[in-house]
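Here's the structure, in structure tokens; my notes come after.
Just so you know, all these numbers are worked out from the coordinates, no wet-lab data involved. Fair warning: this is a prediction, and the values are worked out from it, not measured in the lab. Neighbour counts run over all protein chains shown; Cβ positions are idealised from the backbone, glycine included.
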Amino acid sequence: MNLQNALKKYFGYGTFRPGQEEIIENILNGKDVVAILPTGMGKSLCYQLPGYLFKEPVLIVSPLLSLMQDQVDQLKQMGEKRVVALNSFLTAEQKNYALHFLQEYRFIFISPEMLLQPQVRKRIAEIQLSLIVADEAHCISQWGFDFRPDYLRIGEVLPETNRPPILALSATATDSVLRDIKLYLKMDMPFQYMHAVNRQNIHLAKKMFSLKEEKIEWIVDHVKKTAGPGIIYTQSRSKAEAISLRLLQQNIAAAAYHAGKEAQDRQFIQQQFLSGQLEWIVATNAFGMGVHKDNVRQVIHETMPATLSNYMQEIGRAGRDGKSAVAFLLYSDGDEQFAKFIATEDLPKDAHIERFMQTAAAGEQPQSLVAKGEMSEVAFRVLSYWLVRESAEEVKGRMLALQLKKFEEVQLVLRLIEQPECMRRQVVHYFGQQLIEQQENCCTNCGMELSSLVLAREASKAAVKMTNWQQRLEKILLRNS
């Protein structure tokens, strides 16, 4: 089979991007594959082209509804009709219809939670699949143990005999994440492709402040003067709202994006950003996966992310067109304590474990503890997974180890901020790779000329007139205030 001809026929491209052809060849030969490709390197094509070459459906396990919907919309825009997303957006009638005709689809997108529903699990077991894809596979390791344990159960659903090849896709992965991916997906001696994690066109900047309030003032002043589009990441919903409001007051087309907003509003804001009607998104880490916007020029972290993996995932949304972009990491004293709190807030404590066990022993449903406010929904999900597999004391030990690991991850981000060593070298080393050569305008520690990298904001954009997007955003702000 000539893959170049197939690529031209189905997608109109003359050549593959680095890694794509090797990955697809191994899939077609029936091998499991782990593919680590940076954002913008065409991960989706690695399962889309096989989907056209195979006769049977491709099942794609996807972490977020917005990402799933975005991928479905893109395929439909390409003219693909045999695509479906099994998610909570479907009515009962639509879900039953999709399950009945499941074998007829070419691409089936699904969340881990939906995949494990008995009705869905039974139907998938009845059909023949050509390929199983774990998209954003790092979530298995980063979310599975303490946030969405159903990620650890994906392997339980896969057939033990005559199963199709598995493709695990991610933009970043450390050695430990790779081990988790292979283990929990029950992969069989997978072919592994790892692209260099370094993105040379993203220049790394950091700025230190004495007070947290000074960071907000700097952001507002900086955004007023410099060109977007851009993304500002912050750790809380309230701060995302506050910063976006400050920018709106300066006639800057900005909006907050976080999980506290209604799905319809999040979709509206994302589409406005993609179409260029919004200059800036102020977001929690709920925003980003699957957002295909090539010309993001700046990413600003208002406060430090909890891990270097998160940092690389988030700054990787800039400069997808290959042109220069700048990632700003802001820090003020005490940010690391807040990052540790956010990272471990939902981890079950010893008291939660004991109450869960007491409630179950009394013949009551442990989920009632969520309704009573005694534990979060996340803590309940985590304990529901682990307490049927380990003793209470073992789970306590596991949760303590997870907490310490998260603290260590925060300290690595703090080191990136505090150490004078090249920022790029530190991040690349974290992913087990080496920086081959020093580049110009590398990072703050190596010296960089920001004026040549961050353009001035156009005067015409500084005087934005009242438009439909502003009227709509005002309604959203009022509804969420």
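A few points about this structure:
- Of K76/K239; K122/K261; K122/K372; K225/K406; K8/K323; K55/K186, those spanning more than 31 Å from alpha-carbon to alpha-carbon: K76/K239; K122/K261; K122/K372; K225/K406
- Debye-sum result for the chain in log10 I(q)/I(0), which assumes one identical scatterer on each alpha carbon, at q = 0.06, 0.12 Å⁻¹: -0.28, -1.21
- Take the Cα of D221, step 7 Å toward its Cβ, do the same at M189, and the gap between the two points is 6.2 nm.
- Between the amide H of A256 and those of V282, distances stay under 5 Å, these residues lying 5 or more places away or on another chain, with hydrogens modeled in the peptide plane.
- Gap separating the Cα centres of segment 348-381 and segment 242-272, nearest whole Å: 35 Å
- For F328, the shell of other residues with beta-carbons less than 11 Å away shows a net charge of +2, using +1 for Lys and Arg and -1 for Asp and Glu.
- Here the translational diffusion coefficient of segment 246-336 follows from Stokes-Einstein with Rh set to the Kirkwood radius across Cα pairs; for 10 °C and 1.306 mPa s it amounts to 113 µm²/s.
- For segment 107-249, the alpha carbon convex hull comes to 194 Å³ per residue, rounded to a whole number.
- Excluding exposed DSSP-loop chymotrypsin sites (Phe, Trp or Tyr not before Pro) (at most 13 other C-beta within 10 Å), longest clean stretch of the chain: 102-481
- Loop-resident GluC sites (Glu not before Pro) (DSSP state other than H, G, I, E or B) in segment 227-329 with no more than 12 further Cβ atoms inside 10 Å of their Cβ: E262.
- Cα centroid of segment 17-50 to Cα centroid of segment 396-415, whole Å: 33 Å
- Dipole check for the chain: with +1 at the C-beta of Lys and Arg, -1 at the C-beta of Asp and Glu, and the Cα centre as origin, the magnitude is about 1120 Debye.
- The fraction of Cα-Cα pairs per 5 angstrom bin, counted from 0 for segment 1-130, comes to 2, 9, 19, 23, 21, 14, 8, 4, 1 percent, rounded to whole percents.
- At R0 = 35 Å, FRET efficiency that the Cβ-Cβ distance of E394 and E262 yields, to 0.05: 0.30
- Most simply put, the chain has about 0% antiparallel DSSP beta bridges, counting only bridges with both residues inside it.
- Amide H contacts of V133 (H built 1.01 Å from N, under 5 Å, at least 5 apart or other chain): L59, I60, V61, L167
- Length-normalised contact order for the chain - Cα pairs under 8 Å, 6+ apart - percent: 16 percent
- Considering every alpha-carbon pair of segment 267-398, the percent of pairs per 10 Å bin, from zero through the bin containing the longest distance, is 10, 30, 22, 22, 14, 3, 0.
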